[in-house]
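Enquirer: One structure follows; several queries about it will come next.
Any read-out appearing in this document is the output of simple, stated calculations on the displayed coordinates, not a laboratory observation. Since the structure is predicted, the reported quantities are computational estimates derived from the model, not experimental observations. Note that we place each Cβ from the backbone using ideal geometry, even for glycine, and neighbour counts take in every protein chain shown.
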Amino acid sequence: MRKALFRAPSFKSTLFLNPILTRYFSQTDMSVIMTDKCIEMMRTKQEVNQQRLRLTVLGGEGCEGFTYHFAFDSTQNDDDICIEKNGAELLIDEMSLDLVKGSTLDYEDELIRQGFAITDNPNAEKGCGCGVSFSLKDE
């Protein structure tokens, strides 16, 4: 069952206006950018599996401290935010969103790696060579 589409002017104002509302946004309302290639792959997998892509940032893992974790999931948790663009839906929890705001979500199809990847994370000071883990900038 799909939850009602609720578009808010910004993430923070939605939380303060009504924290009980299910958060479901279009990409323009949030600051995770999805490339066309990523959207195409997400939609293809959504149609086949009836699941949405979930992005989670895990702490204490990887060579740089934080790790991006991607999985397909059919459940939307209470603390999840759903970012939608052109029919592709990304599930992300509030804490992970804070760590990837302004980032680009892409799909890489290279000889060495095939899969979803975060690129250009403005919150990351540095990342490992494979691009899976990162450390935060000191503010």
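Enquirer: Describe numerically, in nm with one decimal, the distance between label points set 7 Å from Cα along Cα→Cβ at residue 119 and at residue 33.
Expert: Result for the modelled spin labels: 1.0 nm.
Enquirer: Work out how much length residue 108 to residue 95 would gain on full extension: take 0.36 nm times their residue separation and subtract the Cα-Cα distance, in nm to one decimal.
Expert: 2.2 nm
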